[in-house]
Amino acid sequence: MNRSLQVTLVWENGSGSALLQPIWDFVRSKEALVKSQFYPVIFSFTVYMFFCLPYLALDVLCHYIPALKKYQVQPKSRPTLAMVLQCLAHTVYSHLVYILPLTVAYVYWRPINLQFEAPELHRFLLDIIACLLLFDFQYFAWHLLHHKVPWLYKTFHKMHHKYTATFVLATQYSSAWEMLSLGFFANVSPILLGCHPMTEMAVFVIHIYLSVEDHCGYDLPWSTHRLIPFGICGGPSHHDLHHEKFVSNYAPYFTHWDKLFNTLAQKKAKKP
């Protein structure tokens, strides 16, 4: 059966998503690249830097355009070139020394299977939400434990708290144990929930974006917590307060676990 006939049958039978199938077909057209053992680490680093660059540009522009400072979570703090280069060097080192060997082994252990059909749109969206909620719980428990047990904090987590004012490249400035642990949680959630490979990729991109946004140091009008109502999401100010005070706001994305365990603190929000 030729490819065009397959696509026609999939769409007519309602077994695929007319919206997602073209996107998935494009991904499948790059199958040789996607199935490469080096693809995950290249993809991870590229997406991370893509999301970081706009905030790095803002750090520079704030020096010349004072009006932008109203969006900074801590206007009096500004990352120096030395801080930026140190964090960037650490990120490159971590990807080459730790993430690359593990992703190569992971691809050998669990080869990527690019099935023909894209996921149904409703399943795609629900699985993304489920993965984020599961990761949020995993990270909250892990994070709280590493703050409450002094040995864990000093040995593994203290490095990430070197900077009490967040800036974007501090996102991945962490110990190997922390980076690999969080990478494990991010990857295991879609597996446990039986997600489509396209959903796995989308979840991975969203994880990177949200973690970058949490550490970016800017509370912008389009920040996720401003777009999603009812205080469901924390946002940059929420996570910056955790770096500033160390004793609250342990969940990465949402606020319900901190509310439940009475560890939620709020910084006075800036008006956009």
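Here, each number is a calculation from the coordinates, and none is a lab measurement. These numbers were taken from a predicted model, which means no experiment stands behind them. Because the Cβ atoms are built from the backbone with ideal geometry, glycine has one as well, and the counts that use them run over all protein chains shown.
A Cβ-based charge dipole, computed about the Cα centre of region 37-260 with Lys and Arg at +1 and Asp and Glu at -1, lands at about 660 debye. Over all other residues within a Cβ to Cβ distance under 15 Å of residue 197, the charged ones net out to -1, with Lys and Arg as +1 and Asp and Glu as -1.
Extending 7 Å from the Cα toward the beta-carbon at both residue 69 and residue 30 defines two label points whose distance is 4.1 nm. Restricting the chymotrypsin sites (Phe, Trp or Tyr not before Pro) of region 106-149 to loop positions (DSSP other than H, G, I, E, B) with no more than 14 neighbouring Cβ atoms within 10 Å leaves 116. Once the Cα atoms are used to define both axes, helix 197-215 deviates from the longest principal axis of the chain by about 10 degrees. Taking the C-alpha atoms only, the angle from helix 236-245 to the longest principal axis of the chain is near 50 degrees. Counting only DSSP H runs of at least 4 residues, each contributing -39500 (n - 2.57), and dividing by the residue count of the chain, the helix-based mean residue ellipticity at 222 nm comes to -18000 deg cm²/dmol. Each residue, residue 50 and residue 88, gets one label point 7 Å from its Cα in the Cβ direction; the gap between the two is 1.9 nm.
For the chain, the longest principal axis of the alpha carbon atoms and the long axis of helix 81-94 meet at an angle near 40°.
The residues neighbouring residue 39, those whose beta-carbon lies less than 11 Å from its own, together hold a net charge of +1 under the Lys/Arg +1, Asp/Glu -1 convention.
For the listed residue pairs 76/162; 70/148; 148/259, the alpha carbons are over 29 angstrom apart in 70/148.
Taking Lys and Arg as +1 and Asp and Glu as -1, the other residues whose beta-carbon sits under 13 Å from that of residue 186 total -3.
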